[in-house]
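Structure record follows, encoded as structure tokens.
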Amino acid sequence: MSGGVDLGINGIAPYQTFDGVMELKMALSDFMHQVMGESVKFDPYNMVLTAGATPAIEILSYCLADHGNAFLVPTPYYPGFDRDVRWRPGVDLIPVHCRSTDNFNLNITALDQAFSQARKRGVKIRGILISNPSNPVGNILTQDMLYSLLDFAEDKNIHIIVDEVYAGSTYGSEKFVSLAEVLDSDIDKSRFHIVYSLSKDLSLAGFRVGVICSFNDSVLAAAKKLTRFSSISAPTQRLVTSMLSDKRFIREYLETNRKRIRQVRDEFVDCLSKLGINCAKSSAGMFCWADMSGLIRPYSEKGEIELWEKFLSIAKISITPGSACHCIEPGWFRICFTTITLEEVPLVIERIRRVVESCNSSS
């Protein structure tokens with residue numbers, strides 16, 4: 001690839017457009033079309049490229065809200081959202097609590113209640129921030145729920161940001177439906193925005209390649225200016241463009257990746273169940289959402305953190321406590337299983353067994 005014209009000195013040394021070169025936008029458009037089941041097409045002219053999904057979400061926060069405004073976020077949610085939205089833009093996140101009895105699926109009633117309560121406190125809600133597929137649960141929004149969200153956003157005159165970075169990391173029977181797929185001509189598309197990156201589906205987290213897909217000309221214009229502070233390096237853009245142009249490799253990679261995720265996930269979740277640890281139903285992602293509430297004493301956030309510390313000290317395993325994801329029910333943990341191979345599952349399960357036995361003996 002280094003012999004290509006675009007990867008020569010003239011292609012990588014000069015200044016480039018800060019919102020991404022058109023060649024990469026076109027390649028990403030084709031890649032996202034492939035990842036999302038070829039059911040939706042993305043216009044490269046509606047794209048702004050950023051150095052990963054983190055600045056993409058931060059930029060959208062700057063574009064859509066003022067300091068002190070808020071987004072509604074269904075829980076449990078990706079802990080990084082607190083950093084992306086709160087740290088510099090100064091936008092608050094208001095949790096919309098979802099519960100295990102419904103597999104932590106979002107419902108519009110809870111969303112409406114959170115919206116109304118925030119308004120009563122004088123908080124201006126500017127939008128909804130949601131990950132689909134969900135991080136940390138791994139469930140997928142149904143097409144009907146997406147339509148309900150569109151109606152809700154139009155009724156309340158707010159925006160929707162959907163983080164779809166796990167769209168290609170699916171393994172269940174449920175079909176992933178992108179927000180772009182349900183936006184028809186009768187809908188005001190200007191209030192809907194999609195974030196994507198190559199960090200998860202293509203395992204290129206170190207390359208820092210993210211994208212904002214928006215149908216709002218004002219948002220796109222502002223976002224392009226803000227990418228001056230989070231642009232992708234020219235060598236990375238040229239290299240990734242070359243990689244994505246290899247359609248055969250991309251197709252085989254996605255198929256192999258999904259197969260491996262499914263194999264490790266099924267084996268890992270099955271082994272956890274034999275230890276008395278059940279996981280929420282999931283269809284995507286690189287993690288499982290495990291219920292360890294039976295192992296915590298007391299049944300509180302304090303007990304959850306103590307169990308998390310046991311995993312670090314006894315098992316030497318780092319997992320994410322549910323409280324970090326703003327889960328309202330203590331005892332849930334996110335465990336990333338794609339850092340191990342299928343052959344390494346027994347070793348990890350043996351370490352987890354030690355923690356379980358320690359908890360049982362203590363109780």
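The values are calculated or read from the model by the stated rules, or taken from the named source; none is laboratory data. Small disclaimer: the values here were computed from a predicted structure and weren't measured. Positions of Cβ are generated from backbone atoms using ideal geometry, with glycine treated the same way; all protein chains shown enter the neighbour counts. Heads up: the accessible areas ignore ligands, DNA and RNA and are worked out on the full protein's heavy atoms, side chains in. Shrake-Rupley method; radii C 1.70, N 1.55, O 1.52, S 1.80 Å.
Using the Cβ-Cβ distance between Val123 and Glu301 with R0 = 35 Å, the FRET efficiency computed as 1/(1 + (r/R0)^6) comes to roughly 0.90.
Note on the chain: with charges restricted to the Cβ of Lys and Arg (+1) and Asp and Glu (-1), its dipole about the Cα centre is near 780 debye. First compute the accessible area of segment 13-247 with a 1.4 Å probe, then give the percent of it belonging to carbon and sulfur atoms. Of all accessible area on segment 13-247, carbon and sulfur atoms account for 48 percent. Per-residue Karplus couplings for segment 93-106, computed as 6.51 cos²θ - 1.76 cosθ + 1.60 with θ equal to phi - 60°, are listed in order as 10, 9, x, 10, 6, 10, 10, 5, 4, 10, 6, 6, 7, 6 Hz, Gly and Pro entered as x.
Taking amide H positions as modeled 1.01 Å from N, with prolines and chain starts lacking one, the residues under 5 Å from Thr75 and 5 or more places away or on another chain are Val96, His97, Cys98. Cys residues of the chain that find no other Cys beta carbon under 4.7 Å: Cys63, Cys98, Cys213, Cys271, Cys325, Cys327, Cys336, Cys359.
For the residues Ser173, Ser29, Ser283, a GNM of the chain with alpha-carbon springs under 10 Å puts the largest fluctuation on Ser173.
Within segment 81-145, the chymotrypsin sites (Phe, Trp or Tyr not before Pro) that combine a DSSP coil assignment with at most 14 other C-beta atoms in a 10 angstrom radius are Trp87. In this structure the amide hydrogen of Phe337, modeled in the peptide plane, comes within under 5 Å of the amide hydrogens of Phe287, Cys288, none closer than 5 places in sequence on its chain. Per residue, the accessible area of segment 102-146 comes to 43 Å², computed with a 1.4 Å probe over protein heavy atoms only. Extension gain for the segment Asn157 to Asn10, taken as residue separation times 0.36 nm less the Cα-Cα distance, is 48.3 nm to one decimal. The lysines within cross-link reach of Lys175, meaning a Cα-to-Cα straight distance under 21 Å and a gap of 8 or more places when in the same chain, are Lys41, Lys200, Lys259, Lys281. Measuring between their Cα centroids, segment 100-114 and segment 193-266 lie 30 Å from each other. The slack in the chain from Ser39 to Arg353, taken as 0.36 nm per residue of separation less the alpha-carbon distance, amounts to 108.7 nm.
Full extension of the chain between Lys175 and Thr142 gives 11.0 nm of extra length, using 0.36 nm per residue less the Cα-Cα distance. A Cβ-based charge dipole, computed about the Cα centre of segment 208-304 with Lys and Arg at +1 and Asp and Glu at -1, lands at about 400 debye.
Secondary-structure-derived ellipticity at 222 nm for the chain, considering helices only, amounts to -12000 deg cm²/dmol, per-run term -39500 (n - 2.57) for DSSP H runs with n ≥ 4.
Mean projected area of the convex hull spanned by the Cα atoms of segment 1-90, taken over all viewing directions: 8.5 nm².
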